[in-house]
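Each reported figure results from applying straightforward, stated rules to the coordinates on display, with no laboratory input. Since this is a predicted model, take the numbers as computed values, not measurements. Here Cβ is always computed from backbone atoms with ideal geometry, including for glycine, and neighbour counts include all displayed protein chains.
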Amino acid sequence: MDPTFEKFPEPEDLKVKNDKFTFGMNKSKRGWKVGVNRQPTKCHVSKGPQISWEDKKKMAEQKKALRRQIKEFKEKKIVKRKEMKELRKQKKKQKMYNEIKSGQFEVVKNTKNMKKWSKKVKAQLVKLPAEVFENLVNK
């Protein structure tokens, strides 16, 4: 290069902020926003120590075993919930049956007057199962 070659002067509208170059001026005459420093790309980041194929196989087997155990545990939990639900239903049914057996009822033979009854009385009306009705009639 020639020693007579002079470096071109920087234009005045070249602004330097935090090692970021911005050209020109924006409309509002405010300063430019400073860009964010980017992280290094993933191709430059080390992947860490290499794992052998046998170790990978062992880890995969351990994961499978763990998933299998979790699945079995969840299935047991679901079965237990179903059993508890069935037990609650049976208890409720038995309780209703016992209340009906121990209560005093009158049999409604003429259903024509039921329309005139109040809502409370209609709400208390219960249909008995055939077995209980036969037992009450036979008494």
Pairs over 22 Å Cα to Cα, from LYS92/LYS127; LYS89/LYS127; LYS91/LYS127; LYS56/LYS76; LYS71/LYS92, come to LYS56/LYS76; LYS71/LYS92
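Restricting attention to the range 68-139, which GluC sites (Glu not before Pro) occupy a DSSP loop and are surrounded by at most 13 other Cβ atoms within 10 Å?
Details: sites: GLU72, GLU75, GLU83, GLU86, GLU99, GLU106, GLU131, GLU134; in loops: GLU106.
Of the GluC sites (Glu not before Pro), the ones in loops of the range 68-139 whose Cβ has at most 13 other Cβ atoms within 10 Å are GLU106.
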